[in-house]
Amino acid sequence: MSHRILVFYGSYRSDRLGERLARFLIEGLQQRGEDVEFIDAKAIGLPMLDRMYKEYPAGSAPEALERLAGKIRQADAFVFVTGEYNWGVQPGLKNLTDHFLEEWFWRPAAIASYSFGRLAGTRSSYAWHNTLSEMGMVVISSTLTVGPIRDTLDEEGKPLGEGGAALQRVFPSFADDLAWWTDAAKAQRARKAPPY
């Protein structure tokens, strides 16, 4: 059975390299039969956080916020594609996630990081692990790290050279891990209501 997976991406730069990784992930997950949607923080364009979705009276949240809240609630799992800014997370993606809280609860999340250099965004990945856990998600242990991204994936998200071949080798276990936790979370939610 197909899972509903949202792939989040948060760079606001004009020359966005992380879209390559998002395309690779979306294609790979779709080939496995998953129902995948790309969520681009820049395209959604939420303002800097002033009020969380839950802080609006029912029916009064801005349309973009209401629509995204519905998509998050209906999703079975999430993938966060993140670059690394000064050893930290991308502000656009962090701002988007901070608009929500309960909507994320009790679903698995996976992290795929990238950078222009050889460290492949690993420090951002570590930071996201703590953040997503605090927001009520189960962060799977498998992560993908891609760098240098220009040498690993082309503009269409197709693998290049040795780095691309290595990414293709590790992707199946990453996707298997996400699918296992997605099945487990769905089964548990169906069996017993979450405690809060």
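Every number in this text was worked out from the coordinates using simple rules, so none of it is lab data. Keep in mind the model is a prediction, meaning the values are calculated, not measured. Cβ placement follows ideal geometry from the backbone for every residue including glycine, while neighbour counts extend to all protein chains displayed.
Remarks
- Residue in region 130-149 that is surrounded by the most Cβ atoms within 10 Å (Cβ to Cβ), counting only those that are of a type in the set (A, V, I, L, M, F, W, C) and farther than 14 Å from A166 by Cβ: M137
- Scan of region 50-67 for residues that are free of Cβ contacts under 8 Å to residues at least 40 places away in the same chain and of a type outside the set (D, E), ordered by number: R51, Y56, P57, A58, G59, S60, A61, P62, A64, L65, R67
- Cβ-Cβ distances below 6 Å connect the following pairs, each with a first residue in region 71-92 that is within 19 Å of S133 (Cβ to Cβ), a second residue that is among the charged types (D, E, K, R) and assigned to a strand (DSSP E or B), and a separation of six or more residues or different chains: A75/R4; D76/R4.
- Helices (runs of 4 or more DSSP H) completely within region 122-196 that count 2 or more residues being under 19 Å from the mean Cα position of the chain (by Cα): 122-134, 161-191
- Counting the residues of region 106-118 that are surrounded by 17 or more Cβ atoms within 10 Å (Cβ to Cβ), part of a loop (DSSP other than H, G, I, E, B) and not hydroxyl-bearing (S, T, Y) gives 1.
- Condition check for R32: in contact with a Phe, Trp or Tyr (Cβ under 9 Å, 6 or more places away or on another chain), basic (K, R) and within 25 Å of S173 (Cβ to Cβ): no
- Search result, residues across region 1-56 that are of a type in the set (F, W, Y) and either on the phi > 0 side of the Ramachandran plot or touching a strand residue (DSSP E or B) at 6+ places or on another chain (Cβ under 6 Å) (or both): F8, Y9, F24, F38
- Subset of region 154-196 [more than 21 Å from F78 (Cβ to Cβ), surrounded by 11 or more Cβ atoms within 10 Å (Cβ to Cβ) and either in contact (Cβ under 8 Å) with a residue 60 or more places away in the chain or in contact with a helix residue (DSSP H, G or I) (Cβ under 7 Å, 6 or more places away or on another chain) (or both)]: D154, K158, P159, L160, G163, G164
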